[in-house]
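Okay, structure first, notes after.
Nothing in this text is a laboratory measurement; each read-out follows from the coordinates by a stated rule. Just so it is clear, the structure is predicted and the values come from calculations on it, not from any experiment. In this analysis, Cβ positions are derived from the backbone assuming ideal geometry, glycine residues included, and neighbour counts consider all displayed protein chains.
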Amino acid sequence: MVQKFSNLKYMPLMVFQVILVVLYFIFVKYSDETGYDVKGFEDTHVMIFVGFGFLMTFLKRYSYSALGFNWFLAALVVQWALLCQSFFNMKDNIIYINKISILEADIMSATVLITFGAVLGVASGLQLLFIGIVETAVGCFNFWIVEHIFKAADVGGSIAIHAYGAYFGLGVSWALKRKKATANVPNVPSVDLNGPSYVSDVTAMIGSLFLWIYWPSFNSALTSSNVEYQRAVVNTYLSLASATVTSFVLSSLLSHHEGKFDMVHIQNSTLAGGVAVGSVCNMHITAGGALTIGIGAGIISVLGYHYLTPKLAKIGIPDTCGVHNLHGMPGVYSGLLTVLFASMATSKEYGSELGHIFEGMHDEKLTAGGQALNQFLALIVTLGIGIVGGAITGLLARIPIFTPLKDSETYDDEVNWELP
Amino acid sequence: MVQKFSNLKYMPLMVFQVILVVLYFIFVKYSDETGYDVKGFEDTHVMIFVGFGFLMTFLKRYSYSALGFNWFLAALVVQWALLCQSFFNMKDNIIYINKISILEADIMSATVLITFGAVLGVASGLQLLFIGIVETAVGCFNFWIVEHIFKAADVGGSIAIHAYGAYFGLGVSWALKRKKATANVPNVPSVDLNGPSYVSDVTAMIGSLFLWIYWPSFNSALTSSNVEYQRAVVNTYLSLASATVTSFVLSSLLSHHEGKFDMVHIQNSTLAGGVAVGSVCNMHITAGGALTIGIGAGIISVLGYHYLTPKLAKIGIPDTCGVHNLHGMPGVYSGLLTVLFASMATSKEYGSELGHIFEGMHDEKLTAGGQALNQFLALIVTLGIGIVGGAITGLLARIPIFTPLKDSETYDDEVNWELP
Amino acid sequence: MVQKFSNLKYMPLMVFQVILVVLYFIFVKYSDETGYDVKGFEDTHVMIFVGFGFLMTFLKRYSYSALGFNWFLAALVVQWALLCQSFFNMKDNIIYINKISILEADIMSATVLITFGAVLGVASGLQLLFIGIVETAVGCFNFWIVEHIFKAADVGGSIAIHAYGAYFGLGVSWALKRKKATANVPNVPSVDLNGPSYVSDVTAMIGSLFLWIYWPSFNSALTSSNVEYQRAVVNTYLSLASATVTSFVLSSLLSHHEGKFDMVHIQNSTLAGGVAVGSVCNMHITAGGALTIGIGAGIISVLGYHYLTPKLAKIGIPDTCGVHNLHGMPGVYSGLLTVLFASMATSKEYGSELGHIFEGMHDEKLTAGGQALNQFLALIVTLGIGIVGGAITGLLARIPIFTPLKDSETYDDEVNWELP
């Protein structure tokens, strides 16, 4: 009888899937806008499903769950995000979809996967799915504020995707942890599973490398001209390259054992260059500027892993994958860079591109300073919505219906999978 | 002396390769048609070589053979398929080739890899190569019937590629099994190798995820306009997403242990959405329709793995990868969907696209009902040719020259590889 | 204190990274040339970072180093190569960059990764980085000679990238080996680590397959018309396919145990078809010719692994990955093929393409024979610069500051990584 109930635990998801079908039947039609050549569609899919999925396989006995929940979450969230995103710009109550709609929904699903990284191994499948559904709706609302209220430049989504997802994740982690500390005292924590094996660190590199390779496609996917697109690709590539070199050097520098590299830094901080340059990659930051941004990203990220993550864990905000160091701080850094570059933007420098890149300067006739202020506000509001939204969602996820894990069940595929 | 003979066993393949070279010198020229932008070429390669190859690494000690034979088979068959396919539309005895020819040959090679999945671990290398060569020639003939006799719509190949390859594989499996059951009684079956290890299930996910990611490219590769292309991509993506959610939920529902997921379902049934929507993905099925098709695919496929595959094995048709549940039944399902959507097709709904999507309605002036009948006949003929062709080919593959495996040699890399 | 010094060992790299930033600020601007559709950019990235990286994970305890150093090297070298390459064609002391510049820099970084393969497990990280920086500068100079002095056709880089990188690597290997034989006598060589495990051979196949899949993109990336592009893709694909079939057959034929395949051949010789056709893939070699070239490549490469590599190791030129058989000899073979096809080139055959493919025949009004001679000279000069450059660089890399490995430290991640 107990078994029967536990077999039914994912049925609410099936109900939600059926509701999605009904909503699609009612609201969604194919778009006829087809002249637009969509860049980055397939590359972004690789990042979402292979990149995030395999990056999180680094735990020695949580690879199935990392790959499986990543897939389950993204497949559900992408359908839901498409509706949520389009809610604000329907015409005659119809949502027109094409490759770009799906690409945007893919990008939004990254927020949920980032949050998954923060609570990897400590949240149950049902908790993750509940969190993902709420986070997507809130994230689309926040995205709309960033884009339509503040008219903020955020082409690669470092503000509205990376920082949002990371701080939402920290909020969730804080809320889930409170629960565990009080409720599961009798259980022996399975701390020994919270670490990699030799092979799991190699499979994690599959994810890490594919994320790195396609990051220029991700950041440039939503650019609107070829000049802007090429600049976004070049800047992202350069920032990733210098962040990679910096991460290796700094990892060796901070080593406790004769300058050895730490795989955690290599798998993650190398990617921080992609986040850090994300929101500004289509701006005139110069090639040297892109390299400099990447160096800063590598430094921030490795220092975060080395010093900050252990401290956060102590004060009750564990972060399994260190998403704060890969997505959180580099996202804030990128947001602050948009403030800087917006404040310096002139029509002399940008020509006819100015209004496309800084929409507030076109739509609202903002000055450079005004656009810079809006960038800052967009960042602050995103952080606020992320942290508060994550904390509330995490607290809601504590109710027993979402089957929270006992400490003895953490970081363990055994809970969710038939193992060989 | 025995060793020398066994070293020569693949020499007939070299002879066949040389014959191919001669045929290419005689018949093949570069095409000058170059204005056509070829979509999906590289993505399809990833599916064929990485996708199919890694998906089949799930057995604990057959990963080398899965990857190796997949590669060997595809590299040989793609050359052969290019000739076989073009045999029916040569001009002045010349075959003109370009990227599209190779893409089509790649797609045809998928039939052989599907069949490989049905007999994974139980067919010898020589048997596989013999089967592949015959299956390709028969498959190109069947493809010609589907396309030119019945003028059937089958853009993603769910009829002529997936259903054909799967039922051909079941025919082969039945024929090979008969042999084994009678001839190898004294051998101890190495049944314990017919299962995954923790790591092999993770590497199989590489294949599974890349197949999933690029399936929209596969289904849409041979569309002829941008509107049709985008619709094919969107529909395939939605169907995959809902099939994935459904597969997870149903896998948990059918679990014998507290709602745990079964990796076999996750690796395979998630992809059934791509097959199920394949033949109709360029039609006006609506976004809600695509999601519904995917849900159906997930249900059919997981139920197939859970109930049908063990029964088929009992009656002498083992199916190592369960291709019947991933390619067979979802392919038939897609074929039946073409009957449905063809019967409902109107020029009011489709406009000028009608004749491109349903060629019989243009070339043969068929009514919607006539096209629907042709779709049904194309499916039935494909199943017949697949099953009968597979059974006969499998019986021929039993002759000793193809070095059939003893039961003790099954599911084991040791037979074919120098292992570390 | 010793620990502190060893923690600082990569700091010179950080200094070099900062110098690169300064040079980028001074010299580099975004290009406005944006009409050009860049093919093969992302595909080449996959080859460089995933392809080369994972191919070299085949050693049982050197997977972290293979992936890590490959990434570190490429990320640094790609920045440096972009400057070195552009040094010869600056306008007003400005280097204009766009996607193509980065693509070309990516391609140049392949030389360093090929050399890495030759000394995989025996060179220290600092040695590799020193070698990479020198090799890139010398390689760009050699590239300029091949392209601008000899006006040699080398579209896929089999001469200036593959042969150069491989012979530079052999030169380095010879020079490093001399050091080791004399200096590290007391150490016990860790020879048992110089081999694969079951899992490491599977992860190496990830690299191998992605290299194979995207090789047509690599060879065709720098073509200048769609006709030429499609021919390059088709020829490369066919050559890879026949090389793959040949490698399997020959691997079985040379087996010591009943015709078993050797993973080393399968992972590497299958790819030799891509190198062998590289320099001639845009020429009128015919489809049958492409297949024939691939067969030759498979034969040369497998024979090289079987007979030559052990002999080279005996005379003091070890080659861990056998890059001589994958890149060296097939590169020379491709160079000789350019001599052949240049000597036969007529304007009747090539029409208006003649001057684009054989630039010497256009720019310098060379005859077919003159172009053929130039092709030969370009090959010879490349080999000379590669071997001598590699040997000198290797000798310089022996100075203690580059922390050469003791024999007991070879092929071991333990030296460089915090292992789980």
Once both label points are put 7 Å beyond Cα along the C-beta direction, the C:SER408-A:THR286 separation in nm becomes 5.1 nm
The extension gain from C:PHE87 to C:ALA137, computed as 0.36 nm times the residue separation minus the Cα-Cα distance, is 17.0 nm
Quick calc of log₁₀ I(q)/I(0), the stretch C:291-420, Debye, one scatterer on every Cα, no solvent, q values 0.13, 0.18, 0.19 1/Å, result -0.77, -1.08, -1.14
If labels are modelled 7 Å from Cα along the Cβ direction, A:GLY369 lies from its partners in the other copies at nm distances, smallest first, of 7.7, 7.8
If you rotate chain B onto chain A, the residue of B with its Cβ nearest that axis, and the gap in whole angstrom, comes out as B:VAL199, 3
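How much mean residue ellipticity at 222 nm does chain B get from its helices, if each DSSP H run of length 4 or more adds -39500 (n - 2.57) and you divide by all residues, to the nearest 500 deg cm²/dmol?
Computed ellipticity for chain B at 222 nm equals -20000 deg cm²/dmol.
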Share of Cα-Cα pairs in the stretch A:38-415 beyond 41 Å, whole percent, is 9 percent
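With the alpha-carbon atoms as the only input, what is the per residue convex hull volume for the stretch B:361-420 in Å³?
Looking at the stretch B:361-420, the number lands at 179 Å³ per residue.
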Within chain C, cysteines having no neighbouring cysteine beta carbon under 4.7 Å are C:CYS281, C:CYS321
Listed by chain and number, the residues whose amide H is under 5 Å from that of B:PHE261, excluding neighbours fewer than 5 places away on the same chain and using placed H, are A:TRP417, A:GLU418
Everything considered on the Cα gyration tensor (a ≥ b ≥ c; rounded for a/c under 1.5, else prolate if a/b is larger than b/c, else oblate), the stretch A:233-334 must be described as oblate
Taking the label point 7 Å from Cα along the Cα-Cβ vector, the copy-to-copy distances for A:TYR96, listed from shortest in nm with one decimal, are 3.7, 3.7
Whole-Hz Karplus couplings 3J(HN,Hα) for the stretch B:349-362, θ = phi - 60° and coefficients 6.51, -1.76, 1.60, Gly and Pro as x, run 6, 9, x, 6, 6, 3, x, 7, 7, 10, 5, x, 6, 9
Karplus-derived 3J(HN,Hα) from phi for the stretch C:124-141 (6.51 cos²θ - 1.76 cosθ + 1.60, θ = phi - 60°), whole Hz, x at Gly and Pro, runs 7, x, 5, 4, 4, 5, 4, 4, x, 5, 5, 4, 5, 5, 5, x, 5, 5
Mean separation of Cα contacts under 8 Å (at least 6 apart) over the residue count of the stretch A:38-415, i.e. the relative contact order in percent, is 28 percent
Output ordering of C:380-389, B:196-205, B:67-76 (per-residue mean of other Cβ within 10 Å, highest first) is B:67-76, B:196-205, C:380-389
Residues whose built amide H sits under 5 Å from the amide H of A:ASP154, excluding neighbours closer than 5 in sequence, are none
With one decimal in nm and the nearest listed first, the spacings from B:HIS257 to its own position in the other copies, using label points 7 Å along Cα-to-Cβ, are 3.3, 3.3
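Just to check, using Stokes-Einstein with a Kirkwood Rh over alpha carbon pairs, what's the diffusion coefficient of the protein assembly as shown at 37 °C and 0.692 mPa s in µm²/s? Numbers along the way, then the final one.
Working: Rh = 30.8 Å.
After rounding, the answer is 107 µm²/s.
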Ranked output for segments B:272-282, C:89-99, A:213-223 by mean other Cβ atoms within 10 Å, highest leading, reads B:272-282, A:213-223, C:89-99
From the Cα centre of the stretch B:324-339 to that of the stretch C:15-52, the distance in Å is 46 Å
If each K or R counts +1 and each D or E counts -1, the residues other than A:ALA118 whose Cβ falls under 13 Å of its Cβ total -1
Counting only DSSP beta bridges with both partners in the protein assembly as shown, the antiparallel fraction in percent, to the nearest 5, comes to 20 percent
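Need one value for B:44-53: mean number of C-beta atoms belonging to other chains within 10 Å of its residues' C-beta atoms.
On the way: counts 1, 10, 8, 1, 2, 7, 6, 1, 0, 3.
For this peptide, the per-residue mean of nearby foreign Cβ atoms is 4.
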Applied in sequence order to the stretch C:381-398, the curve 6.51 cos²θ - 1.76 cosθ + 1.60 (Karplus, θ = phi - 60°) yields integer Hz couplings, x standing for Gly and Pro, of 4, 4, 4, x, 4, x, 5, 5, x, x, 5, 5, 4, x, 5, 5, 6, 6
With 0.36 nm assigned to each residue of separation and the Cα-Cα distance removed, A:SER352 to A:LEU340 gains 2.3 nm
GNM on chain C, Cα springs under 10 Å; top mean-square fluctuation among C:GLU228, C:GLU33, C:GLU147 goes to C:GLU33
Residues whose built amide H sits under 5 Å from the amide H of A:LEU366, excluding neighbours closer than 5 in sequence, are A:MET361
Here, B:MET11 and C:THR367, labelled 7 Å along Cα→Cβ, have an inter-label distance in nm of 4.6 nm
